[in-house]
Ligand code: IPE
Ligand code: IPE
Ligand code: MG
């Protein structure tokens with residue numbers, strides 16, 4: 001590509017978020033450390049997940065107040081099915097409880113819910129509840145809350161490859177015309193800007209199969225704070241640290 005040629009779809013929204021002092025349009029969070037939070041208190045892991053749900057509520061409020069457009073939360077990974085049946089049942093129960101409890105607040109706050117991942121894996125009851133919440137909140141415009149449920153970036157990308165391949169086989173898609181925008185349009189996150197800021201709590205410094213394509217140019221922030229202790233102040237501090245970063249996207 002020569003200098004000055006047309007930017008790709010992703011560099012269009014990258015350019016829109018460049019510049020010091022900016023508020024990130026899209027914040028993604030790997031909410032980690034619930035189990036250790038509970039362990040430190042001699043409590044069962046489920047107590048950590050319950051406290052983690054309170055932290056979700058605080059971050060959602062802080063994001064809306066800061067003017068963030070999209071908040072993506074990694075709630076359950078495709079690898080989290082390796083946990084015990086008891087812990088999975090606890091997590092599922094909590095997610096259903098909070099979804100019911102919080103739906104009116106999402107409406108009041110103008111929050112639109114969107115899902116990524118294989119959420120149907122949680123069964124028909126939860127699937128119906130989730131889809132009803134997505135439908136109910138679909139006209140809200142203040143903030144988009146993206147919840148990643150049974151999400152794994154590699155399986156998302158493999159599914160994109162399968163979809164594009166089948167369209168190529170039927171002749172609907174010319175393989176030589178596949179570009180970044182073609183791939184992006186088939187991702188679970190199609191239509192959303194890429195995360196500007198990716199936060200991981202609990203001191204772990206890894207991505208754990210989260211948004212590998214979408215975070216190609218995200219600013220990464222790792223904090224030792226355990227997720228249940230992540231509060232409004234921690235959220236605002238993360239935004240402040242982001243604002244002080246200089247993003248280059250390969251230029252200058
Ligand atoms: C994050 O906390 C919640 C989920 C992955 C569902 P963890 O449960 O992973 O907590 P730690 O890492 O064991 O402390
Ligand atoms: C990542 O946390 C997934 C979520 C936060 C939902 P994990 O605790 O599952 O990640 P690993 O196993 O430490 O990489
Ligand atoms: Mg963990």
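The values are calculated or read from the model by the stated rules, or taken from the named source; none is laboratory data. A quick note: this is a predicted structure, and the numbers were derived from the prediction, not measured. A quick note on method: Cβ atoms are made from the backbone with ideal geometry, for glycine too, and the neighbour counts reach across all protein chains shown.
Looking at residue 213 and the list (1) closer than 21 Å to residue 157 by Cα; (2) in contact (Cβ under 8 Å) with a residue 40 or more places away in the chain; (3) loosely packed, with under 13 Cβ neighbours inside 10 Å, which single condition is not satisfied?
(3)
Could you tell me whether any residue of the range 196-204 is in contact with a helix residue (DSSP H, G or I) (Cβ under 7 Å, 6 or more places away or on another chain), modelled with pLDDT of 95 or more and assigned to a helix (DSSP H, G or I)? I'd like the intermediate steps shown before the answer.
Applying the first criterion (in contact with a helix residue (DSSP H, G or I) (Cβ under 7 Å, 6 or more places away or on another chain)) to the range 196-204 yields 196-197, 199, 201-202.
Among the residues that remain, those that are also modelled with pLDDT of 95 or more are: 196-197, 199, 201-202.
Subsequent filtering for residues that are assigned to a helix (DSSP H, G or I) retains none.
Among the residues of the range 196-204, not one is in contact with a helix residue (DSSP H, G or I) (Cβ under 7 Å, 6 or more places away or on another chain), modelled with pLDDT of 95 or more and assigned to a helix (DSSP H, G or I), which makes the answer no.
If the Cβ limit is 8 Å and pairs must be 6+ apart or interchain, which residue in the range 7-35 that is modelled with pLDDT under 95 pairs with which residue that is within 16 Å of ligand 3 (Cβ to nearest atom) and in a loop (DSSP other than H, G, I, E, B)?
none
Does at least one position in the range 210-219 carry a residue that is in a strand (DSSP E or B) and modelled with pLDDT of 95 or more?
In the first step, residues of the range 210-219 are kept if they are in a strand (DSSP E or B); the result is 219.
If we keep only those that are modelled with pLDDT of 95 or more too, we end up with 219.
Yes, the range 210-219 contains at least one residue that is in a strand (DSSP E or B) and modelled with pLDDT of 95 or more.
Can you work out which of the residues in the range 25-48 that are within 18 Å of residue 225 (Cβ to Cβ) and touching a strand residue (DSSP E or B) at 6+ places or on another chain (Cβ under 9 Å) is farthest from ligand 2 (Cβ to nearest atom)?
Ranking the qualifying residues of the range 25-48, first place goes to 27.
Give, as residue ranges, the helices (runs of 4 or more DSSP H) completely inside the range 26-118 that count at least 2 residues that are farther than 23 Å from residue 202 by Cβ and more than 19 Å from the chain's Cα centre (by Cα). Even if it seems obvious, please write down each step before you answer.
Details: elements: 34-40, 45-66, 85-109.
Once the helices (runs of 4 or more DSSP H) in the range 26-118 are filtered for at least 2 residues that are farther than 23 Å from residue 202 by Cβ and more than 19 Å from the chain's Cα centre (by Cα), what remains is 85-109.
Which one is farthest from ligand 3 (Cβ to nearest atom), of the residues in the range 220-252 that are surrounded by fewer than 16 Cβ atoms within 10 Å (Cβ to Cβ) and assigned to a helix (DSSP H, G or I)?
The extreme case among them is 243.
What are the residues in the range 119-128 that are surrounded by fewer than 17 Cβ atoms within 10 Å (Cβ to Cβ), without any contact (Cβ under 8 Å) to a residue 40 or more places away in the chain and part of a helix (DSSP H, G or I), if any?
Taking the range 119-128 as the starting set, the residues that turn out to be surrounded by fewer than 17 Cβ atoms within 10 Å (Cβ to Cβ) are 120-121, 123-125, 127-128.
Still in the list and also without any contact (Cβ under 8 Å) to a residue 40 or more places away in the chain: 120, 123-125, 127-128.
Hits for the range 119-128 are 120, 124, 125, 127, 128.
All but one of (1) without any contact (Cβ under 8 Å) to a residue 12 or more places away in the chain; (2) over 29 Å from residue 21 (Cα atoms); (3) not in a loop (DSSP other than H, G, I, E, B) hold for residue 183, so report the exception by its number.
Status for residue 183: all satisfied but (1).
Which ones in the range 218-241 are touching a residue at least 60 places away in the same chain (Cβ under 8 Å) and over 17 Å from the mean Cα position of the chain (by Cα)?
225, 226, 228, 229, 231, 232, 236, listed by residue number.
Looking at the structure I just gave you, is residue 194 within 17 Å of residue 71 (Cα to Cα), surrounded by 15 or more Cβ atoms within 10 Å (Cβ to Cβ) and away from ligand 2 (no atom under 16 Å from the Cβ)? Can you show your working first?
Numbers: within 17 Å of residue 71 (Cα to Cα): yes; surrounded by 15 or more Cβ atoms within 10 Å (Cβ to Cβ): yes; away from ligand 2 (no atom under 16 Å from the Cβ): yes.
Criteria met by residue 194.
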